[in-house]
Structure formats: structure tokens, C-alpha cells
Ligand code: WQD
């Protein structure tokens with residue numbers, strides 16, 4: 001009987017975390033969710049049970065709760081950790097820097113200390129393309145110098161990556177993969193889980209779908225005077241299910257490393273889509289025109305950034321299967337179903 005590979009999934013009830021929990025289950029890992037539900041719905045574990053048809057281990061609590069972590073460390077022989085738990089809105093982080101530095105760094109350091117204490121070696125860290133800052137070129141590779149992030153959110157992710165780089169070979173023996181997400185959108189095809197921001201959405205796609213369903217009056221496009229083809233910002237929108245799959249491949253990759261190790265991968269589609277193109281594509285895919293107006297630029301935004309994803313393809317044997325149109329279709333399906341769940 002092979003040893004169960006328990007993986008602590010911090011923030012596992014969140015948007016990317018919940019989709020990743022399903023991918024872990026489908027690939028023989030045993031996820032244990034740790035989530036304080038500050039930015040996630042408490043019924044997500046039940047919904048994951050509906051989709052997967054099996055029991056989900058979910059613990060309510062904060063990554064900073066050392067006593068709880070000790071209990072979990074004694075209860076499960078964890079093989080690895082996927083650390084999602086963090087605040088993640090670029091715009092909000094500019095307005096509330098201390099909230100972002102405090103939560104994102106203290107939760108991260110608490111998890112690293114927990115890993116050291118229980119000699120857990122494998123960690124996949126949920127990083128972000130915002131660590132590149134306003135890169136000189138719009139298309140970034142993993143070798144692109146990590147610029148000065150334009151937001152406390154991006155800076156907090158950069159600090160965490162630096163801490164992993166400084167510590168993996170200093171006696172911890174950590175085996176580390178940092179996954180630098182571009183813009184996650186879309187939802188599981190069942191429409192039972194998806195992006196569920198608390199309050200007014202910071203991110204573009206949930207704001208669009210909430211406008212389409214009548215929850216928001218109109219979308220404000222933050223700036224149309226950027227040096228881009230149509231003046232609006234360009235991003236690399238990646239389906240959350242593609243993103244989830246990459247986490248499993250990252251764990252498999254770590255499993256094949258013999259000892260201390262650090263690496264990072266861009267996770268995107270390699271295709272840039274502007275805000276205006278998202279609005280037009282949404283109308284084309286769903287038949288729903290989105291009322292919008294142009295407003296001022298949002299502090300912290302970079303004009304355009306999208307991924308060079310050769311490394312993830314060549315090393316993790318991963319590439320995005322879904323395009324933005326399909327992601328929009330699933331996001332809209334989720335928006336229409338979510339209040340019936
Ligand atoms: C996208 C574009 C906005 C809302 C996200 C995640 C971050 C990271 C990177 C993972 C920008 C514009 C938005 C609105 C708008 N991913 N916009 N009106 O800032 O690229 O960051 O991806 O770690 O966690 O937050 O995404 O969706 O907020 O913005 O015009 O109401 O849409 O200005 O140009 P962002 P976003």
C-alpha cells in the first residue's frame with residue numbers, strides 16, 4: 001500500500017485553491033484544506049464533495065495559528081504544501097499596503113516555520129506575474145529580471161519568492177516551485193465552484209459577469225490611454241482549471257528532485273488580451289453586451305504583460321488547454337448558477 005501523499009493546501013477553499021484541490025484528488029494526492037474563509041465561501045468543501053464524490057478534509061483556521069498547525073502536523077504526515085493563502089487584489093493592495101504585507105508575509109513565514117518543524121520538504125508557492133513589475137518587454141520569461149513591483153501585492157509575492165530562494169539551501173532542504181500566475185479567470189465546467197469575490201470585485205472578469213447578470217450597473221475601464229493597441233491594458237488571461245493542473249505537475253516535478261531545489265515557472269497562455277477585447281469577446285460568447293465607461297487609470301496597473309510559457313511546457317510538460325473564449329463561457333455559466341447552489 002503506497003503511503004498517502006497528504007498536501008496542506010492553505011487558502012484551499014479559495015478560487016484557485018478549490019480548483020486545485022479537485023486536480024489533486026484526481027491525481028492521487030490527499031489535500032487537506034486550511035482556510036480562514038475570510039475570502040472564501042464556507043460551503044466550498046461541501047461543493048467539492050459534490051463534484052468529486054468523496055470526503056474533503058477542510059480545517060477552518062489561519063496560517064498564523066501555530067497551535068493549529070502543530071495539531072495538523074501531528075495528525076497528518078504531510079508530504080508537501082501548496083501555499084495559496086494571501087490577499088491578492090493589486091488595486092486594493094495600493095490602498096491598504098499594511099494589510100497586504102502583514103497577512104501575506106506572516107502567513108507565509110508561519111507556514112515555512114511549520115514545514116521546518118515537521119520536516120516537510122515540498123512546497124509549491126502561489127506567486128504572480130506581478131513580481132515582474134513593469135517589465136521592459138510585455139512578454140516576460142522566467143529569466144526576466146524581477147522588476148520593482150508596482151503594488152504591495154506584487155512586492156509581497158516578490159519578498160516571499162526571495163525568502164524561498166534564500167532559505168531553500170540553508171539547512172531547510174526545501175524543494176521549491178514558485179508558480180507565477182498571470183490572470184486567472186473562468187470556473188469549473190460544473191458551475192458549482194468559481195470566483196466568488198467578497199463585496200465589489202477588484203478583478204475584471206467577475207466585475208464583467210456581475211454587470212452582465214445585473215448586479216453591477218456598468219463596468220469602469222481603468223484607463224484607455226495606455227501605450228497598447230486599443231489604449232486599454234493587456235493581460236494574459238488563463239483558465240483556472242489549466243492553472244490547477246499545473247500545480248499537480250509541479251508537485252510531480254518536485255517528487256522527482258532528490259534534494260534541495262528551487263525553480264519558478266510562468267503560467268499563462270502566451271496570448272495577450274486587452275480589457276476592451278475582453279468586453280467584446282464576452283458579448284460575442286454570451287450575447288450579453290456589457291455597459292461600460294472609461295475612467296482614470298488604476299494605480300498599480302502595468303500597461304501590458306503576458307507570459308512566455310516555454311519553460312512550463314518543456315519542463316513541467318504543461319500548457320494551457322483552454323482559450324479566453326471558453327474561460328468566459330465557464331465564468332458566465334458560474335455567475336448564472338452560483339446563487340442557486
Ligand atoms: C485586469 C485589467 C485593470 C477591474 C490579477 C490578479 C493578481 C495576479 C495578476 C495572480 C487591469 C482592468 C479591472 C475593473 C478594469 N494574479 N480592470 N475595471 O490587476 O492584472 O491582477 O492578475 O496572482 O492576483 O489580481 O487583474 O482583473 O484586477 O485587472 O478596467 O473593474 O482589468 O485595470 O488593466 P490584475 P484585474
Open item on the list: Just want to confirm a number: the relative contact order over the stretch 172-306, from Cα pairs under 8 angstrom separated by 6+ residues, in percent.
Closed with: 40 percent
Open item on the list: Output needed: percent of Cα pairs per 20 Å distance bin for the chain, bins running from 0 to the one holding the longest distance.
Closed with: 32, 60, 8, 0
Task: Equivalent ellipsoid, the stretch 112-210 (semi-axes from 5 times Cα gyration tensor eigenvalues, Å) - done: 29, 20, 12
Task: Degrees, to the nearest 10: 152-167 long Cα axis against longest axis of the chain - done: 30 degrees
Task: Virtual paramagnetic centre 7 Å along Cα→Cβ of residue 26, amide N under 18 Å, in the stretch 175-194 - done: 184-194
Task: Debye intensity ratio in log₁₀ form over the Cα atoms of the stretch 166-232, taken at each q of 0.11, 0.23 Å⁻¹ - done: -0.51, -1.09
Open item on the list: Looking at the calculated P(r) for the stretch 26-144, what percent of the C-alpha pair distances fall above 18 Å?
Closed with: 61 percent
Task: Helix-only [θ]222 nm of the chain, DSSP H runs n ≥ 4, -39500 (n - 2.57) each, per residue, nearest 500 - done: -11500 deg cm²/dmol
Open item on the list: Principal axis extents for the stretch 288-341, Cα atoms only, whole Å, descending order, please.
Closed with: 41, 35, 19
Open item on the list: Using only the alpha-carbon atoms, how far is helix 240-255 inclined from the longest principal axis of the chain? Give it as 0 to 90 degrees, nearest 10.
Closed with: 30 degrees
- [ ] Mind jotting down a quarter of the surface of the convex hull over the alpha carbons of the stretch 156-314, in square nanometres, one decimal?
- [x] 11.5 nm²
- [ ] Can you bin the stretch 186-265 into rounded, prolate or oblate? Criterion: square roots of the alpha carbon gyration tensor eigenvalues sorted a ≥ b ≥ c, rounded for a/c under 1.5, prolate for a/b above b/c, oblate for the rest.
- [x] oblate
Task: Overall Cα dimensions of the stretch 66-107, principal axis frame, Å, largest first - done: 39, 18, 9
Open item on the list: Could you work out the pair-distance distribution P(r) of the stretch 1-73 from its alpha-carbon pairs, with 5 angstrom bin width and percents rounded to whole numbers?
Closed with: 4, 17, 30, 24, 16, 8, 2, 0
Task: Cα-projected label distance for residue 215 with residue 49, points at 7 Å along beta-carbon direction, nm - done: 2.5 nm
Open item on the list: For the stretch 153-175 and the stretch 257-278, what is the centre-to-centre distance using only Cα atoms, to the nearest Å?
Closed with: 18 Å
- [ ] Report, for the chain, the % of DSSP beta bridges that are antiparallel, rounded to 5.
- [x] 5 percent
- [ ] Report, to the nearest 10°, how far helix 15-26 tilts away from the longest principal axis of the Cα atoms in the chain, using its own Cα long axis and a range of 0 to 90°.
- [x] 50 degrees
- [ ] Would you mind calculating the relative contact order of the chain from Cα pairs under 8 angstrom and at least 6 residues apart, reporting the percent as a whole number?
- [x] 20 percent
Task: Packing-based ranking, highest mean first, of 304-317, 76-89, 12-25, 165-178 given that Cβ atoms within 10 Å are counted - done: 12-25, 76-89, 304-317, 165-178
- [ ] Can you quote the Å³ per residue value for the convex hull of the Cα atoms in the stretch 218-312, rounded to an integer?
- [x] 126 Å³
TODO: Starting with the highest mean, order 240-249, 90-99 by the number of other Cβ atoms within 10 Å, averaged over the residues of each peptide.
DONE: 240-249, 90-99
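Every number here is computed from the coordinates shown, using simple stated rules; none is lab data. Bear in mind that the values here come from a model prediction, so they are computed numbers and not experimental data. Reconstructed Cβ throughout: ideal geometry from the backbone, glycine too, with neighbour counts over all protein chains shown.
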